[in-house]
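I have placed the structure first, in the form of structure tokens, so that the comments after it can refer back to it.
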Amino acid sequence: MKSIKKILVALLIIFIGMQFYRPDKNLAAEGHAHNFVTETVPSAPVTSLLEQTCYDCHSNNTVYPWYNNIAPVSYWLKDHIDEGKGHLNFSAWDTYDNKKKDHKLEEVVEMLEAKEMPLKEYTWTHEEARLTESQREAIITWAKKTRTRYQLDQRPE
């Protein structure tokens, strides 16, 4: 019984200590996705959907929930965001070549068609990120249309 108490006290001390060492937040200046929007020209509704459903994990700016201030949740969210940005970062769109842009949009289409994005665990706490079929289709249609421009740029001359 004493060892269980010692373990619980040690875990409590670790938990309290973690609150003082937080990971850096993913916060960018206004207009962080300007190049992406300017180049791909999504309609206003699609732009809004991308902001609501994608940017928190796939851009350099995250709107954090209140519970991000509690470790270990803050570490889990940072890891999740870093992984998402590793797959696709709308804020870094101008660093991708046309072949990569085409591939990223292809992945957007595939993930939306398979209903793998937005992630279920994200939509549990972000109701506004739950896409209807018509919203999902609007993003897919835009992404497919935009892909054709990048595909044309890749053709051999």
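Read-outs throughout are calculated quantities, based only on the coordinates presented, and are distinct from any laboratory measurement. On a predicted model such as this, the values are computed, not experimentally measured, just so you know. Backbone-built Cβ (ideal geometry, glycine too); neighbour counts: all protein chains shown.
Some observations on this one:
- Rg/Rh for the stretch 19-89, where both radii come from Cα atoms and Rh is the Kirkwood radius: 1.02
- Semi-axis lengths, largest first, of the ellipsoid equivalent to the stretch 63-118 are 27, 14, 8 Å, with √(5λ) applied to each eigenvalue of the Cα gyration tensor.
- Highest mean packing first, where packing is the average number of other Cβ atoms within 10 Å per residue, the peptides 138-144, 17-23, 4-10 line up as 138-144, 17-23, 4-10.
- The chain: angle of helix 133-154 to the longest principal axis, Cα-based, in degrees nearest 10: 60
- All-pairs Cα distance distribution in the chain, expressed in whole percent, bin size 5 Å: 2, 8, 16, 18, 17, 12, 8, 6, 5, 4, 3, 2, 1, 0, 0, 0
- Among the GluC sites (Glu not before Pro) within the stretch 16-96, those in coil by DSSP and having at most 10 neighbouring Cβ atoms inside 10 Å are GLU30.
- Two-decimal Rg/Rh across the stretch 80-157, once Rg and the Kirkwood Rh are taken from alpha-carbon atoms: 1.01
- Summed over qualifying helices (DSSP H, 4 residues or more, each -39500 (n - 2.57)) and divided by its residue number, the chain shows a 222 nm mean residue ellipticity of -19000 deg cm²/dmol.
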